[in-house]
1. Any idea which of (1) crowded, with 24+ Cβ neighbours inside 10 Å; (2) assigned to a helix (DSSP H, G or I) is the one P151 doesn't satisfy?
2. In the range 156-168, what residues are out of contact with any Ser or Thr (no Cβ under 8 Å at 6 or more places or on another chain) and either in a loop (DSSP other than H, G, I, E, B) or touching a residue at least 60 places away in the same chain (Cβ under 8 Å) (or both)?
3. Please verify whether L201 is closer than 30 Å to D123 by Cβ, without any contact (Cβ under 8 Å) to a residue 60 or more places away in the chain, outside any loop (DSSP other than H, G, I, E, B) and hydrophobic (A, V, I, L, M, F, W, C), treating the condition exactly as stated.
4. Checking the condition closer than 30 Å to A34 by Cα and at pLDDT 95 or above, which residue from A203, A207, A158 passes?
5. Name every residue in the range 84-124 that is out of contact with any Lys or Arg (no Cβ under 8 Å at 6 or more places or on another chain), under 24 Å from A36 (Cα atoms) and surrounded by 20 or more Cβ atoms within 10 Å (Cβ to Cβ), in order of residue number.
6. Only residues that are surrounded by 18 or more Cβ atoms within 10 Å (Cβ to Cβ) and assigned to a helix (DSSP H, G or I): list them for the range 169-186, please.
7. Take I9 and tell me if it is under 19 Å from the mean Cα position of the chain (by Cα), hydrophobic (A, V, I, L, M, F, W, C) and modelled with pLDDT of 90 or more.
8. Does R109 fit the bill of being over 18 Å from E67 (Cβ atoms) and touching a residue at least 40 places away in the same chain (Cβ under 8 Å)?
Amino acid sequence: MADDFQYHIDQHGSLVRPAELRSARASGNAVSSAAAERDAAVATAHEQRRLTLSAVGDGQFRREHFESVVHDHVDGFEDAAPEHPIADLVGIAPARRRAVRGPLAAEGRLAEHEEEPLLRTVDRPVFGTLPSPGYLALLSDPSAGPGTVEPVGEELAAILRAEIAALAAQGVAYVTLGNPLLVPLLTADGRARVAEAGAVLEAVIAADRSAVTGLGAPPDFRVGLDLTDHGPFATTESGYDPGALDRLVGGTRSTGCASTSRPARPGGCRSTTSRPASRSASASSTSRCPPPSRWTTCWRSPTRSRTAAASTWRSPRTPVSPPRPARR
């Protein structure tokens, strides 16, 4: 996030591909494309640094889709069916979906090549983005049933846990796990349109939690859960279902922070105690955040333009909020 000109800026990972990168890819030259991807990633990271964002990313310029970082480096996927009841609600295009045809096995590191140029050249904490195991497991099943999400989610959680640990060891400061399919499982309208919504939500949450269970990382390393994709979503008009949101937030030993237009000061976020964020993003009572826990959860209420939610796992002994990097 940055405060340039008093604007609030959220950077969720994927950025518009620059013209030079699009031209290099159109040429069909693999060497030129790889060089253009590297140059574009470093250039956009320096631009984020100029904006004083607290962490910088590579724009996902090396990926065809957000999910490609897993689909292209894990054996066991195949083309998916063209219809998916929950993905269709959220707007996840068929080109982004893969089904599971057999045991899943990583062919090597997933995102090492994305972060390495930034860690080498940019004087700023680096963040990475990965699709969450619950998201990919649910996306892989056209029937969207909990029976598939549970075993596939466990396989993917083990693969992603290993990659998250490797990114932390590599020097990455923060990793977000993206799960846009959670939105219809958490909203009142979405749950009315999804079969077995409660059981599916439980399976997805279990898979996503498993990705950080037993994770070893430096004290200042964090993992977040990001529910955004591209919005607006068709299931957010009536807001969140309180019981479903409590399963995501309350069941993770977390602190809920309702965000309005600007981020709270370090150590001073607002803790909701009896009602989740509504369309007005208000909370029934507020207080200073309690002592740090392994998870901190913040969400933004559904709006016509964007629905956002995030959960953050903190390595033990991490302060509630890190000091803001000095302007450069």
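1. With respect to (1) crowded, with 24+ Cβ neighbours inside 10 Å; (2) assigned to a helix (DSSP H, G or I), P151 is out only on (1).
2. Selection gives L156, I159.
3. Details: closer than 30 Å to D123 by Cβ: no; without any contact (Cβ under 8 Å) to a residue 60 or more places away in the chain: yes; outside any loop (DSSP other than H, G, I, E, B): yes; hydrophobic (A, V, I, L, M, F, W, C): yes.
Answer is no for this residue.
4. The conditions single out A158.
5. Matches in the range 84-124: L110, A111, E115, L118.
6. In the first step, residues of the range 169-186 are kept if they are surrounded by 18 or more Cβ atoms within 10 Å (Cβ to Cβ); the result is 172-186.
Of everything in the range 169-186, those that are surrounded by 18 or more Cβ atoms within 10 Å (Cβ to Cβ) and assigned to a helix (DSSP H, G or I) turn out to be L182, V183, P184, L185, L186.
7. Values: under 19 Å from the mean Cα position of the chain (by Cα): yes; hydrophobic (A, V, I, L, M, F, W, C): yes; modelled with pLDDT of 90 or more: no.
Judged against the criteria, I9 is not a match.
8. On the way: over 18 Å from E67 (Cβ atoms): no; touching a residue at least 40 places away in the same chain (Cβ under 8 Å): yes.
Spelling it out, it is not the case that R109 is over 18 Å from E67 (Cβ atoms) and touching a residue at least 40 places away in the same chain (Cβ under 8 Å).
The values are calculated or read from the model by the stated rules, or taken from the named source; none is laboratory data. Everything numeric here is computed off the predicted structure, so don't read it as measured data. Using ideal geometry, Cβ is built from the backbone for each residue, glycine included, and neighbour counts are taken over all protein chains shown.
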